[in-house]
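The values are calculated or read from the model by the stated rules, or taken from the named source; none is laboratory data. None of these values were measured; they are calculated from a predicted model. Counting neighbours? That spans all protein chains shown, and the Cβs are built from the backbone with ideal geometry, glycine included. Note: accessible area is taken over every heavy atom of the protein model, side chains too, but ligands, DNA and RNA are not part of it. Shrake-Rupley method; radii C 1.70, N 1.55, O 1.52, S 1.80 Å.
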Amino acid sequence: MTIDDEDPDGSVKHAPNGTLESHTSPRFSGEDNSDQTRSPSISSSQFTRPLAQRQSSLLQPRPDGTPRTTNRVRFDLDEQRNGQTPEGWMEEEDYLDSPSQDAPLLTNITPPAESPFLSDSFQPEDHLPNARPKSGMQSAFMNMANSIIGAGIIGQPYAFRQAGLTMGVILLVGLTITVDWTIRLIVINSKLSGADSFQATMQHCFGRSGLVAISVAQWAFAFGGMIAFCIIVGDTIPHVLESLIPGLRDVPFLWLLTDRRAVIILFILGISLPLSLYRDIAKLAKASTLALISMLIIIVTVVTQGAFVDPDLRGNVKGLLFVNDGFFQAVGVISFAFVCHHNSLLIYGSLKTPTLDRFATVTHYSTFISLVACLVMALAGFLTFGDRTKGNVLNNFPSQGHVMVQIARLCFGLNMLTTLPLECFVCREVMNNYWFPEEPYQPNRHLIFSSALVVSAMAMSLLTCDLGAVFELIGATSACALAYILPPLCYIKLSTRSWKTIPAVLCIVFGFAVMTVSLVLAMKKMIKHEGEPHQC
(Lines give C-alpha, C1' and ligand atoms only; values in the text may rest on other atoms or scores of the structure.)
Protein backbone atom coordinates (compact mmCIF):
# COMPACT_ATOMS: atom_id res chain seq x y z
CA MET A 1 0.00 0.00 0.00
CA THR A 2 1.39 3.35 -1.04
CA ILE A 3 1.70 5.97 1.63
CA ASP A 4 1.54 9.68 0.81
CA ASP A 5 3.15 11.91 3.35
CA GLU A 6 2.99 15.65 3.19
CA ASP A 7 5.60 17.67 5.01
CA PRO A 8 4.89 21.06 6.50
CA ASP A 9 6.86 22.71 3.70
CA GLY A 10 4.39 21.47 1.13
CA SER A 11 6.55 18.65 -0.39
CA VAL A 12 4.97 15.29 -1.04
CA LYS A 13 6.77 12.05 -0.50
CA HIS A 14 5.74 8.95 -2.40
CA ALA A 15 6.86 5.63 -0.92
CA PRO A 16 6.25 2.86 -3.43
CA ASN A 17 7.76 -0.40 -2.13
CA GLY A 18 9.47 1.52 0.62
CA THR A 19 11.37 3.86 -1.73
CA LEU A 20 10.91 7.56 -1.06
CA GLU A 21 10.79 10.10 -3.86
CA SER A 22 10.07 13.79 -3.30
CA HIS A 23 9.39 16.85 -5.37
CA THR A 24 8.80 20.46 -4.48
CA SER A 25 5.95 22.61 -5.65
CA PRO A 26 7.04 25.22 -8.16
CA ARG A 27 5.05 27.72 -6.23
CA PHE A 28 8.01 27.95 -3.84
CA SER A 29 11.04 26.81 -5.82
CA GLY A 30 10.36 28.29 -9.20
CA GLU A 31 11.77 25.08 -10.85
CA ASP A 32 9.96 23.48 -13.72
CA ASN A 33 9.09 19.86 -12.83
CA SER A 34 6.81 19.22 -15.74
CA ASP A 35 9.24 16.59 -17.18
CA GLN A 36 9.22 14.44 -14.10
CA THR A 37 7.49 11.07 -14.45
CA ARG A 38 5.73 9.23 -11.74
CA SER A 39 6.56 5.66 -10.79
CA PRO A 40 4.61 3.11 -12.84
CA SER A 41 4.13 1.10 -9.70
CA ILE A 42 1.67 3.65 -8.39
CA SER A 43 -1.80 2.27 -8.57
CA SER A 44 -4.37 4.02 -10.68
CA SER A 45 -6.61 4.09 -7.68
CA GLN A 46 -4.06 6.20 -5.83
CA PHE A 47 -4.66 9.91 -5.34
CA THR A 48 -2.33 11.88 -7.60
CA ARG A 49 -1.79 15.65 -7.21
CA PRO A 50 -2.25 17.62 -10.49
CA LEU A 51 0.86 18.75 -12.27
CA ALA A 52 2.06 22.18 -11.10
CA GLN A 53 1.57 24.91 -13.71
CA ARG A 54 3.65 28.02 -14.20
CA GLN A 55 2.16 30.59 -11.85
CA SER A 56 1.85 34.36 -12.23
CA SER A 57 4.46 36.48 -10.61
CA LEU A 58 1.70 38.00 -8.50
CA LEU A 59 1.62 34.78 -6.50
CA GLN A 60 5.27 34.98 -5.60
CA PRO A 61 6.02 35.47 -1.89
CA ARG A 62 7.00 39.01 -0.96
CA PRO A 63 8.21 40.61 2.26
CA ASP A 64 5.76 42.56 4.33
CA GLY A 65 5.17 46.08 2.97
CA THR A 66 6.57 45.33 -0.50
CA PRO A 67 4.20 46.53 -3.27
CA ARG A 68 2.68 43.79 -5.37
CA THR A 69 3.79 45.51 -8.57
CA THR A 70 7.12 46.89 -7.55
CA ASN A 71 8.47 49.63 -9.81
CA ARG A 72 5.68 49.34 -12.34
CA VAL A 73 5.10 53.02 -11.52
CA ARG A 74 8.58 54.29 -10.85
CA PHE A 75 9.18 56.40 -7.79
CA ASP A 76 12.81 55.37 -7.13
CA LEU A 77 14.32 57.61 -9.78
CA ASP A 78 17.26 58.58 -7.59
CA GLU A 79 18.32 54.97 -7.30
CA GLN A 80 17.91 54.54 -11.03
CA ARG A 81 20.18 57.47 -11.76
CA ASN A 82 22.85 55.98 -9.49
CA GLY A 83 22.76 52.78 -11.49
CA GLN A 84 21.22 50.75 -8.69
CA THR A 85 18.48 48.80 -10.30
CA PRO A 86 16.47 47.03 -7.59
CA GLU A 87 16.41 43.32 -8.08
CA GLY A 88 13.01 41.79 -7.69
CA TRP A 89 11.38 38.46 -8.10
CA MET A 90 9.40 39.47 -11.16
CA GLU A 91 10.20 37.76 -14.43
CA GLU A 92 10.91 39.09 -17.90
CA GLU A 93 7.27 39.05 -18.79
CA ASP A 94 6.76 41.97 -16.38
CA TYR A 95 9.14 44.19 -18.41
CA LEU A 96 11.31 45.13 -15.49
CA ASP A 97 14.40 44.95 -17.65
CA SER A 98 12.82 46.85 -20.53
CA PRO A 99 14.76 50.00 -21.56
CA SER A 100 11.54 51.99 -21.34
CA GLN A 101 11.60 51.56 -17.59
CA ASP A 102 14.84 53.50 -17.34
CA ALA A 103 12.89 56.74 -18.00
CA PRO A 104 10.16 58.27 -15.82
CA LEU A 105 6.65 57.09 -16.63
CA LEU A 106 5.30 60.66 -16.77
CA THR A 107 7.33 62.87 -19.10
CA ASN A 108 7.07 66.37 -20.53
CA ILE A 109 5.21 67.63 -17.48
CA THR A 110 5.34 71.38 -16.80
CA PRO A 111 7.23 72.12 -13.59
CA PRO A 112 4.99 73.57 -10.86
CA ALA A 113 6.93 76.84 -10.86
CA GLU A 114 6.11 77.33 -14.56
CA SER A 115 2.50 76.18 -14.40
CA PRO A 116 0.06 78.44 -16.29
CA PHE A 117 -2.38 78.08 -13.40
CA LEU A 118 -0.06 80.25 -11.27
CA SER A 119 0.22 83.08 -13.80
CA ASP A 120 -1.58 86.38 -13.35
CA SER A 121 -3.40 85.97 -16.66
CA PHE A 122 -4.98 82.64 -15.69
CA GLN A 123 -8.74 82.84 -15.29
CA PRO A 124 -10.32 79.75 -13.66
CA GLU A 125 -13.72 80.66 -15.08
CA ASP A 126 -12.39 80.04 -18.58
CA HIS A 127 -11.63 76.39 -17.75
CA LEU A 128 -14.46 75.54 -15.36
CA PRO A 129 -17.81 75.66 -17.18
CA ASN A 130 -19.81 75.95 -13.95
CA ALA A 131 -17.57 78.54 -12.29
CA ARG A 132 -19.23 81.57 -13.88
CA PRO A 133 -22.54 82.56 -12.32
CA LYS A 134 -25.57 81.84 -14.44
CA SER A 135 -28.64 84.02 -14.66
CA GLY A 136 -32.27 83.44 -15.37
CA MET A 137 -34.41 85.13 -17.97
CA GLN A 138 -35.22 88.07 -15.70
CA SER A 139 -31.59 88.82 -14.84
CA ALA A 140 -30.55 88.54 -18.48
CA PHE A 141 -33.35 90.93 -19.42
CA MET A 142 -32.15 93.47 -16.84
CA ASN A 143 -28.56 93.22 -18.08
CA MET A 144 -29.50 93.79 -21.70
CA ALA A 145 -31.94 96.58 -20.93
CA ASN A 146 -29.25 98.32 -18.88
CA SER A 147 -26.83 97.95 -21.81
CA ILE A 148 -29.30 99.61 -24.19
CA ILE A 149 -30.73 102.35 -21.96
CA GLY A 150 -27.60 104.39 -21.44
CA ALA A 151 -26.45 107.96 -21.93
CA GLY A 152 -27.88 107.95 -25.45
CA ILE A 153 -31.41 108.26 -24.11
CA ILE A 154 -30.72 111.89 -23.20
CA GLY A 155 -30.36 112.69 -26.93
CA GLN A 156 -33.61 111.15 -28.20
CA PRO A 157 -35.56 114.45 -28.18
CA TYR A 158 -32.74 115.92 -30.27
CA ALA A 159 -33.12 113.05 -32.76
CA PHE A 160 -36.82 113.91 -33.15
CA ARG A 161 -35.89 117.54 -33.76
CA GLN A 162 -33.50 116.48 -36.53
CA ALA A 163 -35.86 114.02 -38.27
CA GLY A 164 -39.26 115.52 -37.48
CA LEU A 165 -41.93 114.07 -35.20
CA THR A 166 -43.51 111.54 -37.55
CA MET A 167 -40.26 110.46 -39.17
CA GLY A 168 -38.63 110.27 -35.71
CA VAL A 169 -41.25 107.82 -34.47
CA ILE A 170 -40.90 105.72 -37.62
CA LEU A 171 -37.11 105.72 -37.33
CA LEU A 172 -37.16 104.79 -33.65
CA VAL A 173 -39.51 101.85 -34.23
CA GLY A 174 -37.78 100.68 -37.40
CA LEU A 175 -34.25 100.86 -35.97
CA THR A 176 -35.39 99.07 -32.81
CA ILE A 177 -36.64 96.16 -34.93
CA THR A 178 -33.40 96.15 -36.93
CA VAL A 179 -31.23 96.21 -33.79
CA ASP A 180 -33.30 93.39 -32.29
CA TRP A 181 -32.58 91.28 -35.38
CA THR A 182 -28.86 92.05 -35.58
CA ILE A 183 -28.36 91.31 -31.87
CA ARG A 184 -29.77 87.82 -32.40
CA LEU A 185 -27.80 87.54 -35.63
CA ILE A 186 -24.53 87.78 -33.69
CA VAL A 187 -25.43 84.65 -31.71
CA ILE A 188 -26.47 82.84 -34.90
CA ASN A 189 -23.16 83.78 -36.53
CA SER A 190 -21.29 82.52 -33.49
CA LYS A 191 -22.98 79.13 -33.78
CA LEU A 192 -22.33 78.94 -37.52
CA SER A 193 -18.64 79.78 -37.12
CA GLY A 194 -18.00 77.93 -33.88
CA ALA A 195 -16.51 81.10 -32.35
CA ASP A 196 -17.25 82.33 -28.85
CA SER A 197 -16.99 86.09 -29.39
CA PHE A 198 -17.83 88.79 -31.91
CA GLN A 199 -14.11 89.33 -32.59
CA ALA A 200 -13.49 85.62 -33.15
CA THR A 201 -16.43 85.43 -35.54
CA MET A 202 -15.09 88.33 -37.60
CA GLN A 203 -11.63 86.80 -37.67
CA HIS A 204 -13.09 83.45 -38.74
CA CYS A 205 -14.97 85.07 -41.60
CA PHE A 206 -12.49 87.64 -42.87
CA GLY A 207 -9.15 86.82 -41.26
CA ARG A 208 -6.88 89.55 -39.97
CA SER A 209 -8.80 92.31 -41.73
CA GLY A 210 -11.99 91.25 -39.97
CA LEU A 211 -10.28 91.38 -36.59
CA VAL A 212 -8.98 94.87 -37.36
CA ALA A 213 -12.44 96.08 -38.43
CA ILE A 214 -14.25 94.85 -35.32
CA SER A 215 -11.48 96.08 -33.03
CA VAL A 216 -11.58 99.59 -34.52
CA ALA A 217 -15.39 99.71 -34.36
CA GLN A 218 -15.56 98.60 -30.73
CA TRP A 219 -12.72 100.88 -29.66
CA ALA A 220 -14.20 103.91 -31.44
CA PHE A 221 -17.65 103.33 -29.97
CA ALA A 222 -16.31 103.00 -26.42
CA PHE A 223 -13.95 105.98 -26.79
CA GLY A 224 -16.74 108.11 -28.24
CA GLY A 225 -18.81 107.19 -25.20
CA MET A 226 -15.99 108.41 -22.95
CA ILE A 227 -15.99 111.78 -24.74
CA ALA A 228 -19.77 112.05 -24.44
CA PHE A 229 -19.63 111.26 -20.73
CA CYS A 230 -17.03 113.97 -20.14
CA ILE A 231 -19.24 116.50 -21.93
CA ILE A 232 -22.23 115.47 -19.81
CA VAL A 233 -20.21 115.97 -16.62
CA GLY A 234 -19.40 119.51 -17.74
CA ASP A 235 -23.04 120.16 -18.61
CA THR A 236 -24.51 118.94 -15.32
CA ILE A 237 -22.21 119.30 -12.30
CA PRO A 238 -21.59 123.12 -12.56
CA HIS A 239 -25.34 123.83 -12.69
CA VAL A 240 -25.97 121.65 -9.65
CA LEU A 241 -23.18 123.25 -7.59
CA GLU A 242 -24.23 126.76 -8.54
CA SER A 243 -27.82 125.94 -7.60
CA LEU A 244 -26.81 124.55 -4.23
CA ILE A 245 -24.44 127.48 -3.48
CA PRO A 246 -25.92 130.61 -5.14
CA GLY A 247 -22.92 132.86 -4.51
CA LEU A 248 -20.32 130.30 -5.52
CA ARG A 249 -19.36 132.15 -8.68
CA ASP A 250 -18.11 135.13 -6.66
CA VAL A 251 -16.02 133.11 -4.17
CA PRO A 252 -12.25 133.22 -4.84
CA PHE A 253 -10.81 130.01 -6.21
CA LEU A 254 -14.09 128.13 -5.63
CA TRP A 255 -15.56 129.87 -8.67
CA LEU A 256 -13.73 127.20 -10.68
CA LEU A 257 -16.48 124.78 -9.64
CA THR A 258 -18.89 126.76 -11.80
CA ASP A 259 -16.63 126.68 -14.85
CA ARG A 260 -17.35 123.85 -17.26
CA ARG A 261 -13.77 123.05 -18.29
CA ALA A 262 -12.44 123.24 -14.73
CA VAL A 263 -15.15 120.86 -13.49
CA ILE A 264 -14.40 118.37 -16.27
CA ILE A 265 -10.69 118.33 -15.44
CA LEU A 266 -11.21 118.17 -11.68
CA PHE A 267 -13.88 115.45 -11.57
CA ILE A 268 -12.54 113.28 -14.40
CA LEU A 269 -9.00 113.22 -13.03
CA GLY A 270 -10.15 113.01 -9.42
CA ILE A 271 -12.88 110.36 -9.70
CA SER A 272 -13.04 108.67 -13.12
CA LEU A 273 -9.30 108.15 -13.60
CA PRO A 274 -8.74 106.32 -10.28
CA LEU A 275 -11.78 104.13 -10.97
CA SER A 276 -10.44 103.41 -14.45
CA LEU A 277 -7.28 101.97 -12.94
CA TYR A 278 -9.22 99.02 -11.54
CA ARG A 279 -8.22 95.85 -13.28
CA ASP A 280 -11.43 93.95 -12.51
CA ILE A 281 -14.61 95.36 -14.01
CA ALA A 282 -16.68 93.51 -11.39
CA LYS A 283 -15.70 96.15 -8.84
CA LEU A 284 -17.73 98.67 -10.87
CA ALA A 285 -20.86 96.51 -10.99
CA LYS A 286 -22.82 98.80 -8.67
CA ALA A 287 -22.64 101.51 -11.32
CA SER A 288 -25.29 99.61 -13.30
CA THR A 289 -27.84 100.03 -10.52
CA LEU A 290 -27.07 103.74 -10.30
CA ALA A 291 -27.43 104.02 -14.07
CA LEU A 292 -30.94 102.54 -14.12
CA ILE A 293 -32.05 104.77 -11.24
CA SER A 294 -30.61 107.83 -12.97
CA MET A 295 -32.37 107.03 -16.24
CA LEU A 296 -35.69 106.62 -14.47
CA ILE A 297 -35.25 109.95 -12.61
CA ILE A 298 -34.36 111.75 -15.86
CA ILE A 299 -37.39 110.39 -17.73
CA VAL A 300 -39.76 111.32 -14.89
CA THR A 301 -38.14 114.78 -14.65
CA VAL A 302 -38.51 115.59 -18.35
CA VAL A 303 -42.12 114.35 -18.42
CA THR A 304 -43.29 116.14 -15.27
CA GLN A 305 -41.18 119.32 -15.24
CA GLY A 306 -41.73 120.22 -18.89
CA ALA A 307 -45.16 121.63 -18.06
CA PHE A 308 -43.63 124.13 -15.62
CA VAL A 309 -41.02 125.53 -18.00
CA ASP A 310 -41.21 129.23 -18.77
CA PRO A 311 -42.90 129.88 -22.15
CA ASP A 312 -39.85 131.81 -23.31
CA LEU A 313 -37.83 128.56 -23.19
CA ARG A 314 -40.30 126.61 -25.26
CA GLY A 315 -39.80 126.10 -28.98
CA ASN A 316 -41.99 125.76 -32.04
CA VAL A 317 -43.03 122.31 -33.31
CA LYS A 318 -45.33 123.34 -36.18
CA GLY A 319 -42.70 123.00 -38.87
CA LEU A 320 -41.35 119.72 -37.47
CA LEU A 321 -44.48 117.59 -37.23
CA PHE A 322 -43.65 115.36 -40.20
CA VAL A 323 -40.19 115.30 -41.79
CA ASN A 324 -37.09 117.42 -41.32
CA ASP A 325 -33.78 117.47 -43.20
CA GLY A 326 -31.77 115.83 -40.40
CA PHE A 327 -32.76 112.25 -41.22
CA PHE A 328 -29.24 110.80 -41.26
CA GLN A 329 -28.17 112.63 -38.11
CA ALA A 330 -31.21 111.25 -36.32
CA VAL A 331 -30.25 107.70 -37.33
CA GLY A 332 -26.82 108.21 -35.79
CA VAL A 333 -28.22 109.53 -32.49
CA ILE A 334 -30.75 106.70 -32.18
CA SER A 335 -28.16 104.09 -33.13
CA PHE A 336 -25.78 105.36 -30.44
CA ALA A 337 -28.47 104.72 -27.84
CA PHE A 338 -29.39 101.20 -28.98
CA VAL A 339 -26.04 99.58 -29.71
CA CYS A 340 -25.24 96.83 -27.18
CA HIS A 341 -23.95 94.23 -29.63
CA HIS A 342 -20.60 93.78 -27.89
CA ASN A 343 -22.50 92.37 -24.87
CA SER A 344 -24.89 90.06 -26.70
CA LEU A 345 -22.76 86.89 -26.52
CA LEU A 346 -21.91 87.57 -22.88
CA ILE A 347 -25.59 87.80 -22.01
CA TYR A 348 -26.36 84.71 -24.08
CA GLY A 349 -23.66 82.72 -22.29
CA SER A 350 -24.93 83.84 -18.89
CA LEU A 351 -28.26 82.09 -19.35
CA LYS A 352 -28.75 78.92 -17.32
CA THR A 353 -30.19 77.29 -20.44
CA PRO A 354 -28.66 79.17 -23.39
CA THR A 355 -30.89 78.52 -26.38
CA LEU A 356 -31.73 80.73 -29.33
CA ASP A 357 -35.42 80.81 -28.37
CA ARG A 358 -34.73 81.94 -24.80
CA PHE A 359 -32.22 84.53 -25.97
CA ALA A 360 -34.71 85.79 -28.56
CA THR A 361 -37.28 86.25 -25.80
CA VAL A 362 -34.78 88.23 -23.69
CA THR A 363 -33.87 90.38 -26.70
CA HIS A 364 -37.49 91.10 -27.65
CA TYR A 365 -38.44 92.21 -24.14
CA SER A 366 -35.27 94.28 -23.68
CA THR A 367 -35.56 96.16 -26.96
CA PHE A 368 -39.29 96.74 -26.42
CA ILE A 369 -38.79 98.26 -22.96
CA SER A 370 -35.94 100.37 -24.33
CA LEU A 371 -38.17 101.51 -27.18
CA VAL A 372 -40.89 102.60 -24.74
CA ALA A 373 -38.39 104.48 -22.55
CA CYS A 374 -36.78 106.27 -25.51
CA LEU A 375 -40.15 107.07 -27.07
CA VAL A 376 -41.49 108.61 -23.85
CA MET A 377 -38.30 110.62 -23.40
CA ALA A 378 -38.25 111.80 -27.02
CA LEU A 379 -41.90 112.84 -27.13
CA ALA A 380 -41.81 114.62 -23.78
CA GLY A 381 -38.64 116.56 -24.56
CA PHE A 382 -39.43 117.40 -28.19
CA LEU A 383 -43.04 118.48 -27.60
CA THR A 384 -41.85 120.76 -24.78
CA PHE A 385 -38.86 122.45 -26.44
CA GLY A 386 -39.54 121.93 -30.16
CA ASP A 387 -36.95 123.43 -32.45
CA ARG A 388 -34.92 124.58 -29.43
CA THR A 389 -34.24 121.04 -28.25
CA LYS A 390 -30.56 120.51 -27.46
CA GLY A 391 -28.36 117.44 -27.62
CA ASN A 392 -28.65 117.17 -23.81
CA VAL A 393 -32.30 117.90 -23.11
CA LEU A 394 -31.51 118.75 -19.48
CA ASN A 395 -29.66 121.83 -20.76
CA ASN A 396 -33.01 123.19 -21.99
CA PHE A 397 -34.10 123.68 -18.40
CA PRO A 398 -32.89 126.80 -16.57
CA SER A 399 -29.74 126.44 -14.53
CA GLN A 400 -31.49 127.73 -11.40
CA GLY A 401 -34.65 126.45 -9.78
CA HIS A 402 -36.51 123.25 -10.59
CA VAL A 403 -35.23 121.15 -7.70
CA MET A 404 -36.16 117.93 -9.45
CA VAL A 405 -34.17 118.98 -12.51
CA GLN A 406 -31.14 119.62 -10.32
CA ILE A 407 -31.52 116.17 -8.76
CA ALA A 408 -31.70 114.64 -12.23
CA ARG A 409 -28.56 116.52 -13.30
CA LEU A 410 -26.69 115.43 -10.20
CA CYS A 411 -27.65 111.76 -10.66
CA PHE A 412 -26.81 111.88 -14.35
CA GLY A 413 -23.46 113.56 -13.82
CA LEU A 414 -22.40 111.15 -11.07
CA ASN A 415 -23.59 108.27 -13.22
CA MET A 416 -21.33 109.41 -16.05
CA LEU A 417 -18.36 109.63 -13.67
CA THR A 418 -18.81 105.96 -12.74
CA THR A 419 -19.79 104.77 -16.23
CA LEU A 420 -16.77 106.27 -17.99
CA PRO A 421 -14.41 103.68 -16.41
CA LEU A 422 -16.54 100.92 -17.94
CA GLU A 423 -15.95 102.32 -21.42
CA CYS A 424 -12.26 102.74 -20.60
CA PHE A 425 -12.19 99.06 -19.68
CA VAL A 426 -13.57 98.15 -23.12
CA CYS A 427 -11.00 100.31 -24.93
CA ARG A 428 -8.15 98.90 -22.86
CA GLU A 429 -9.22 95.30 -23.45
CA VAL A 430 -9.49 95.86 -27.20
CA MET A 431 -5.96 97.30 -27.25
CA ASN A 432 -4.53 94.48 -25.15
CA ASN A 433 -6.25 91.76 -27.17
CA TYR A 434 -5.04 93.26 -30.44
CA TRP A 435 -1.42 94.12 -29.59
CA PHE A 436 -0.68 91.77 -26.67
CA PRO A 437 -3.05 88.80 -27.03
CA GLU A 438 -0.87 86.20 -25.32
CA GLU A 439 1.08 88.29 -22.85
CA PRO A 440 0.25 88.34 -19.13
CA TYR A 441 -0.89 91.34 -17.19
CA GLN A 442 1.64 94.17 -17.00
CA PRO A 443 0.97 96.92 -14.40
CA ASN A 444 2.96 99.54 -16.30
CA ARG A 445 1.14 98.91 -19.55
CA HIS A 446 -2.18 98.93 -17.69
CA LEU A 447 -1.35 102.32 -16.15
CA ILE A 448 -0.18 103.85 -19.44
CA PHE A 449 -3.21 102.67 -21.44
CA SER A 450 -5.74 103.74 -18.79
CA SER A 451 -4.21 107.17 -18.23
CA ALA A 452 -3.81 107.87 -21.95
CA LEU A 453 -7.41 106.94 -22.70
CA VAL A 454 -8.94 109.03 -19.92
CA VAL A 455 -6.75 112.09 -20.52
CA SER A 456 -7.26 112.05 -24.31
CA ALA A 457 -11.05 111.69 -23.96
CA MET A 458 -11.07 114.55 -21.45
CA ALA A 459 -9.03 116.73 -23.82
CA MET A 460 -11.47 116.07 -26.67
CA SER A 461 -14.41 117.05 -24.46
CA LEU A 462 -12.71 120.40 -23.73
CA LEU A 463 -12.63 121.20 -27.44
CA THR A 464 -16.36 120.73 -28.07
CA CYS A 465 -19.48 121.00 -25.97
CA ASP A 466 -21.98 119.89 -28.63
CA LEU A 467 -23.19 116.56 -27.29
CA GLY A 468 -25.54 116.10 -30.23
CA ALA A 469 -22.65 116.29 -32.70
CA VAL A 470 -20.75 113.65 -30.74
CA PHE A 471 -23.79 111.37 -30.74
CA GLU A 472 -24.13 111.88 -34.49
CA LEU A 473 -20.46 111.23 -35.25
CA ILE A 474 -20.07 108.10 -33.12
CA GLY A 475 -23.48 106.79 -34.07
CA ALA A 476 -22.77 107.31 -37.78
CA THR A 477 -19.47 105.42 -37.71
CA SER A 478 -18.84 102.76 -35.08
CA ALA A 479 -22.49 102.30 -34.04
CA CYS A 480 -23.59 101.76 -37.64
CA ALA A 481 -20.74 99.31 -38.20
CA LEU A 482 -21.55 97.30 -35.07
CA ALA A 483 -25.32 97.29 -35.60
CA TYR A 484 -26.03 97.38 -39.34
CA ILE A 485 -22.92 96.27 -41.26
CA LEU A 486 -20.73 93.69 -39.52
CA PRO A 487 -23.39 91.22 -38.21
CA PRO A 488 -25.23 90.80 -41.55
CA LEU A 489 -21.88 90.74 -43.38
CA CYS A 490 -20.80 87.73 -41.31
CA TYR A 491 -24.17 86.09 -41.85
CA ILE A 492 -23.84 86.35 -45.63
CA LYS A 493 -20.33 84.90 -45.41
CA LEU A 494 -21.37 81.94 -43.25
CA SER A 495 -24.76 81.03 -44.75
CA THR A 496 -25.80 79.73 -48.12
CA ARG A 497 -27.31 82.09 -50.65
CA SER A 498 -31.10 82.19 -50.28
CA TRP A 499 -33.93 84.64 -49.78
CA LYS A 500 -32.91 84.90 -46.11
CA THR A 501 -29.78 86.82 -47.11
CA ILE A 502 -31.79 89.57 -48.85
CA PRO A 503 -32.56 91.44 -45.58
CA ALA A 504 -28.87 91.16 -44.67
CA VAL A 505 -27.86 92.80 -47.97
CA LEU A 506 -30.40 95.61 -47.51
CA CYS A 507 -29.19 96.19 -43.95
CA ILE A 508 -25.58 96.47 -45.13
CA VAL A 509 -26.51 98.97 -47.86
CA PHE A 510 -28.49 101.03 -45.34
CA GLY A 511 -25.60 100.98 -42.87
CA PHE A 512 -23.03 102.15 -45.41
CA ALA A 513 -25.34 104.92 -46.67
CA VAL A 514 -25.99 106.24 -43.17
CA MET A 515 -22.32 106.01 -42.25
CA THR A 516 -21.13 107.95 -45.29
CA VAL A 517 -23.70 110.76 -45.25
CA SER A 518 -23.81 111.18 -41.46
CA LEU A 519 -20.04 111.25 -41.18
CA VAL A 520 -19.75 114.05 -43.72
CA LEU A 521 -22.55 116.08 -42.11
CA ALA A 522 -21.27 115.60 -38.54
CA MET A 523 -17.71 116.59 -39.42
CA LYS A 524 -19.00 119.64 -41.31
CA LYS A 525 -21.06 120.66 -38.32
CA MET A 526 -18.18 120.35 -35.89
CA ILE A 527 -15.73 122.22 -38.12
CA LYS A 528 -18.10 125.15 -38.77
CA HIS A 529 -19.25 125.28 -35.12
CA GLU A 530 -22.89 125.04 -36.11
CA GLY A 531 -23.85 123.22 -32.94
CA GLU A 532 -24.34 124.76 -29.52
CA PRO A 533 -21.30 126.96 -28.86
CA HIS A 534 -23.18 128.96 -26.23
CA GLN A 535 -23.06 125.95 -23.92
CA CYS A 536 -19.29 126.05 -23.75
I492 paired with V517, simple spin-label distance in nm, labels 7 Å along Cα-to-beta-carbon = 1.9 nm
Return the long-range amide H neighbours of L351 (sequence gap of 5 or more, or a different chain), with a cut-off of under 5 Å between placed amide H atoms.
-> S135
Give me the distance in nm between label points sitting 7 Å out from Cα along the Cα-to-Cβ direction at R261 and V300, one decimal.
-> 3.8 nm
The simple spin-label model distance between V403 and S451, using points 7 Å out along Cα→Cβ, in nm, is 4.4 nm
Reported to the nearest 10 Å², D196 has, with a 1.4 Å probe, an accessible area equal to 130 Å²
Sorted list, accessible surface of protein heavy atoms, 1.4 Å probe, largest first, for L375, L320 is L375, L320
Label point 7 Å out from I271 along Cα-to-Cβ: which residues of the stretch 407-426 have amide N under 17 Å?
-> 407-424
Once you sort the root eigenvalues of the Cα gyration tensor of the stretch 433-524 as a ≥ b ≥ c, which label holds: rounded (a/c under 1.5), prolate (a/b larger than b/c) or oblate (the other case)?
-> oblate
What's the FRET efficiency of I245 with V212 using the Cβ-Cβ distance as r and R₀ = 51 Å, to the nearest 0.05?
-> 0.55
Sequence order, the stretch 391-397: Karplus ³J(HN,Hα) from phi using 6.51 cos²θ - 1.76 cosθ + 1.60, θ = phi - 60°, Hz rounded, Gly and Pro as x, gives x, 10, 4, 5, 6, 6, 7
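Report the calculated FRET efficiency for D325 and L463 (r = Cβ-Cβ distance, R0 = 35 Å), to the nearest 0.05.
On the way: r = 26 Å, r/R0 = 0.76.
In this case the efficiency is close to 0.85.
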With 0.36 nm assigned to each residue of separation and the Cα-Cα distance removed, T361 to K191 gains 59.4 nm
Taking Lys and Arg as +1 and Asp and Glu as -1, residues besides A159 with C-beta under 14 Å from its C-beta add up to -1
For the stretch 306-394, Kirkwood radius (reciprocal of mean inverse C-alpha pair distance, Å) | 15.8 Å
What whole number of Å gives the distance from the Cα centroid of the stretch 387-457 to the Cα centroid of the stretch 165-188?
-> 25 Å
Cross-link list K390/K524; K352/K493; K318/K390: which exceed 24 angstrom alpha carbon to alpha carbon?
-> K352/K493
Which FRET efficiency, nearest 0.05, do N316 and Q138 yield, Cβ-Cβ r, R0 45 Å?
-> 0.55
How many percent of Cα pairs in the stretch 346-464 exceed 26 Å?
-> 52 percent
